[in-house]
Amino acid sequence: MYTELFDQIQDLKKVRNAIILAHSYQRDEVQDIADFVGDSLGLSREAAKTDAQVIVFAGVHFMAETAAILNPEKTVLIPDPDAGCSLADTIAADDVRAWKDSNPDGLVVAYVNTTAEVKALADVCVTSANAVSVVSALDPNRPIFFVPDMFLGAHVERETGRKMNLWLGECHVHAGIGEKEINLRLSEHSKAEFLIHPECSCGSACLYLKPDAKIMSTEGMVRYSQSVEAEEFVVATEVGILHRLQKFSPEKRFFPVKDSAVCEYMKMITLEKIRDSLLMDQFKVEIDPDISEKARNALESMIAVG
Ligand code: 13P
Ligand code: SF4
């Protein structure tokens, strides 16, 4: 169905010495054309080590920005510059500055779902895959401002036992996955394992509903479902991940908690836009060098922890 577009993109990739990185919430066909598909942590690592001269980022803007920060000498293209993130939009650099002004000894921990300006003010970045280990490694005597996702922040607090100042931001897709939907799906699949992304709003209620629920990043879900014997999984996150879960465990069955948990920003990237981005060198992600350097320090501190 997409053969012609696939061929065009493969040819253009060779001519441009380009690589396509895609997040697991991308459309199925975009995941299929990508050289690497992963979660935010995997994508950051891949962006940091690629030899390609051009990175086409099939994901949302903060992810493409992260790739550009880590690769100042390369061309990073986002096929649709309007692919934003409702969570990243909840906090501005001035909000972080205000906290730092009143907490001069404090540490700012920024989830990667933030703009480059916010990352530039952070001491360290985290993704959903490494937030617990990164926060555990921080000086226990300094106050922490965790931005912008309050549900991920609450998860980190539960896991580390460390109280933090949480910015009250949320992602509209994950905040919309609640107890009611979860209860219904779990009752339909009583033998299934339950996988939850930490951005989901149910928080401790999820664990109350099913104490052996696994809270993990999108890539954590892919690895975990491959490694266990269970045959059915109820999955609480954006539905794009189902393609990847099914691809790596074709004999298993995956059920989304909510079919309408769709990130419209992620779905703005299409094969046509990827082709046009390679063809017309659009849309370049450009960041002020000073902001980029500061944000890179926060990202590299994260990558150093793991
Ligand atoms: P992951 O880091 O788990 O891929 O999540 C990114 C994201 O945007 C979740 O909504
Ligand atoms: Fe942002 Fe939510 Fe979309 Fe992830 S799913 S990119 S947090 S809006």
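No value in this document is a laboratory result; all are computed from the given coordinates. None of these values were measured; they are calculated from a predicted model. Backbone-built Cβ (ideal geometry, glycine too); neighbour counts: all protein chains shown.
Compare the peptides 47-60, 5-18 by average per-residue count of other Cβ atoms within 10 angstrom and give them in order, highest first.
The most tightly packed comes first, giving 47-60, 5-18.
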Query raised in the report: GluC sites (Glu not before Pro) within the stretch 1-83: which are DSSP loop residues with at most 14 other Cβ atoms inside 10 Å?
Result: Glu73
Query raised in the report: Once the Cβ-Cβ distance between Asn165 and Ala137 is put in as r, and R0 is 25 Å, what FRET efficiency do you end up with, to the nearest 0.05?
Result: 0.85
Query raised in the report: Based on the alpha-carbon gyration tensor of the stretch 67-202 and its eigenvalue square roots a ≥ b ≥ c, which shape applies: rounded if a/c is under 1.5, prolate if not and a/b is larger than b/c, or oblate?
Result: oblate
Query - Residue-wise HN-Hα coupling along the stretch 244-255, computed from phi with Karplus coefficients 6.51, -1.76, 1.60 (Hz; x: Gly, Pro) - result: 6, 4, 5, 4, 7, 9, x, 8, 9, 10, 10, 10
**Report entry** Dimensions in Å of the chain - Rg and Dmax from alpha carbons
**Finding:** 19.1, 58
Requested in this report: Could you pull out every one of the lysines with an alpha carbon less than 20 Å from that of Lys163, ignoring same-chain neighbours closer than 8 positions?
Outcome: Lys100
Query raised in the report: Where is the GNM fluctuation largest for the chain (alpha-carbon springs, 10 angstrom cutoff): Ser187, Ser292, Ser24?
Result: Ser187
Query raised in the report: With each pseudo-label sitting 7 Å past Cα toward Cβ, what's the Ile303-Leu184 distance in nm, one decimal?
Result: 4.3 nm
Report summary line: Scaled by the rule-of-thumb 2.2 N^0.38 Å, the alpha carbon Rg for the stretch 1-116 gives a ratio of 1.23
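Structure shown: which of Lys14/Lys273; Lys180/Lys258; Lys180/Lys252; Lys247/Lys267 lie over 22 Å apart, alpha-carbon to alpha-carbon? Walk me through the intermediate numbers first.
Numbers: Lys14/Lys273 17 Å; Lys180/Lys258 10 Å; Lys180/Lys252 25 Å; Lys247/Lys267 19 Å.
Going by Cα-Cα distance, Lys180/Lys252 fall outside the 22 Å limit.
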**Report entry** Within the chain, helix-based [θ] at 222 nm, where runs of 4 or more DSSP H residues each add -39,500 (n - 2.57), nearest 500
**Finding:** -12500 deg cm²/dmol
